[in-house]
Amino acid sequence: AARRASGLLPDSRVLWRIQVALSQGDPETVREARRRCPLDPELWLADLVVRQRAKEAGDWAAGAIEAATANHRYSPEAITRAGDFFLRQGRLPPAERAAKHAIREGQGLLAAYVLGIRCALAQSNQTWALNCALGAAENAVEPWPFYELIANLKARDEKVDADIIRALDSLRTRFPEDPLWARWLGDVYFARGDTANALGVLDAAVRKHGK
């Protein structure tokens with residue numbers, strides 16, 4: 001039925017999506033769908049999956065992302081999904097390119113920052129991971145996991161700047177029953193030479209938690 005309908009409406013994105021789904025990603029069906037609806041992001045993503053399954057030779061994945069980002073053909077959301085797919089397939093360079101494009105164009109798109117964090121950590125790029133985590137914390141409704149990541153990344157480099165203080169103070173406020181954040185924040189204040197704030201934070205933690 002979907003095939004007959006798509007014959008009557010050959011440029012219908014919805015019908016081609018249905019036909020691709022019913023074909024379980026048949027390569028010929030996906031190619032024809034892409035030919036008919038080249039701007040449809042779902043069909044583009046389906047084509048990437050088909051090409052990956054076929055173990056297509058060459059650096060086609062990087063080329064696909066480069067072409068898609070160069071002409072802004074697809075939304076940052078679609079580019080992020082493509083990057084996530086490539087990262088899960090072990091194709092880090094196109095995933096990284098997708099993440100950077102989606103972060104730049106996504107106007108606070110949280111999924112793009114998360115993809116960037118994953119790409120950065122996969123190559124031990126702490127600077128980029130930190131930048132992505134800071135952007136994610138700024139745009140997330142629930143920023144606490146990103147604050148924790150910021151604190152851990154800063155701690156690795158023994159950096160005691162305003163970012164780690166803001167992250168730890170936010171975590172202490174959000175999770176007052178966990179003494180870890182107050183103690184860590186107190187240690188950071190001590191490392192900065194801010195004895196007054198350190199003692200204030202630690203004294204409050206001792207009074208609340210008993211030790």
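The values are calculated or read from the model by the stated rules, or taken from the named source; none is laboratory data. Note that the structure is predicted; figures quoted are calculated from it, not measured. Methodologically, a virtual Cβ is constructed for each residue, glycine included, from the backbone with ideal geometry; neighbour enumeration extends over all protein chains shown. Please note that ligands, DNA and RNA were not included when accessible areas were found on the heavy atoms of the full protein model with its side chains. Shrake-Rupley method; radii C 1.70, N 1.55, O 1.52, S 1.80 Å.
Worth pointing out:
- Flag if Asp169 is farther than 30 Å from Glu77 by Cα, assigned to a helix (DSSP H, G or I) and out of contact with any strand residue (DSSP E or B) (no Cβ under 7 Å at 6 or more places or on another chain): yes
- Qualifying residue in the stretch 116-132 (condition: outside any helix (DSSP H, G or I), within 30 Å of Asp40 (Cα to Cα), open to solvent by 30 Å² or more (accessible area, probe 1.4 Å) and in contact with a helix residue (DSSP H, G or I) (Cβ under 8 Å, 6 or more places away or on another chain)): no
- Here the helices (runs of 4 or more DSSP H) wholly within the stretch 1-110 that include at least 1 residues being modelled with pLDDT under 95 are 2-8, 13-22, 27-36, 41-53, 60-70.
- Asp47 being closer than 22 Å to Ala102 by Cα and open to solvent by 60 Å² or more (accessible area, probe 1.4 Å): no
- Filtering the stretch 30-44 to residues that are charged (D, E, K, R) and either open to solvent by less than 70 Å² (accessible area, probe 1.4 Å) or touching a residue at least 12 places away in the same chain (Cβ under 8 Å) (or both) leaves Arg31, Glu32, Arg34, Arg36, Asp40, Glu42.
This table checks each residue for (1) more than 24 Å from Arg118 (Cβ to Cβ); (2) of a type outside the set (Phe, Trp, Tyr); (3) touching a residue at least 60 places away in the same chain (Cβ under 8 Å).
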position: Glu28; (1), (2), (3): yes, yes, no
position: Ala46; (1), (2), (3): no, yes, no
position: Trp60; (1), (2), (3): no, no, no
position: Ala67; (1), (2), (3): no, yes, no
position: Arg81; (1), (2), (3): no, yes, no
position: Leu92; (1), (2), (3): no, yes, no
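- Single match in Ala137, Ala162, Ala182 (criterion: modelled with pLDDT of 95 or more, more than 20 Å from Ile79 (Cα to Cα) and either open to solvent by less than 80 Å² (accessible area, probe 1.4 Å) or small (Gly, Ala, Ser) (or both)): Ala137
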